[in-house]
Amino acid sequence: MSTSTKLTASKTVSAVYPFSKTALIPSRPEYAPTTPSLSKGKGLMDHLRNTLYTPEKYTMMRTLFSRKSSTQLRVGSIVSVISEQSPTTFTGVLIAIRRRGPDTSIRVRNVLQRTGTEMQFFLNSPQLKEIKVVRPAPKGRMRRAKLFYLRDSPEKMTGLAGGKN
């Protein structure tokens, strides 16, 4: 009933869907070839480190979250996080960076109408689209790596967001 072509390395699958003439059938995704040592579990972390990130996420990780980068994102910066599915952005003070390789995450806090809101974003998540730096952290070194004390004192957070030390 249905006609299909065989999958080759240079061609994509074109198949006729038997129940609809206008249905689009996506081609199969291309996966990295597996080696015998990889199927035994050797070199798995190196393989994941090289293939897990999309190119956009990889450049974001290298520029914003690498400790060796001169343009690294520091705690105390004001960032705007754009999600893939929701039309709104979440803007707030970056209070924590958790560096764990593929599981790296950031925690952003904002206060609206005297209600504190925190969101945690995983950087390798497909839901995360973009991170924009609205204002970098104040000059000098922050005394804490995590600014969780801003939860208890909103006036300090307002001063940090306003650009005062």
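The values are calculated or read from the model by the stated rules, or taken from the named source; none is laboratory data. Values in this document were obtained by computation on a predicted structure and should not be read as measured data. Cβ coordinates were reconstructed from backbone atoms using ideal geometry, including for glycine residues, and neighbour counts include every protein chain displayed.
Brief remarks on what is shown
- Check on residue 146, out of contact with any Leu (no Cβ under 8 Å at 6 or more places or on another chain), surrounded by 11 or more Cβ atoms within 10 Å (Cβ to Cβ), among the basic types (Lys, Arg) and outside any loop (DSSP other than H, G, I, E, B): no
- Tabulated pairs, region 64-90, first within 16 Å of residue 136 (Cα to Cα), second assigned to a loop (DSSP other than H, G, I, E, B) and β-branched (Val, Ile, Thr), C-beta under 8 angstrom, 6+ apart or interchain: 64/71; 65/104
- Residue 155 being of a type in the set (D, E, K, R), part of a helix (DSSP H, G or I) and over 19 Å from residue 63 (Cα atoms): yes
- Per-region count, region 47-73, residues surrounded by 15 or more Cβ atoms within 10 Å (Cβ to Cβ), more than 16 Å from the chain's Cα centre (by Cα) and at pLDDT 85 or above: 0
- Flag for residue 71 being within 29 Å of residue 154 (Cα to Cα), polar (S, T, N, Q) and in a loop (DSSP other than H, G, I, E, B): yes
- The residue that is surrounded by the fewest Cβ atoms within 10 Å (Cβ to Cβ), among those in region 149-162 that are at pLDDT below 80 and within 26 Å of the chain's Cα centre (by Cα), is 161.
- Of the strands (runs of 3 or more DSSP E) entirely within region 93-137, those holding at least 1 residues that are more than 21 Å from residue 48 (Cβ to Cβ), in contact with a Gly (Cβ under 9 Å, 6 or more places away or on another chain) and among the β-branched types (Val, Ile, Thr) occupy 105-112, 115-122.
- Residue 106 vs. criteria closer than 19 Å to residue 67 by Cβ, out of contact with any His (no Cβ under 9 Å at 6 or more places or on another chain), surrounded by 14 or more Cβ atoms within 10 Å (Cβ to Cβ) and in contact (Cβ under 8 Å) with a residue 60 or more places away in the chain: no
- Tally, over region 105-145, of residues that are aliphatic (A, V, I, L, M), under 17 Å from residue 60 (Cβ atoms) and modelled with pLDDT of 90 or more: 5
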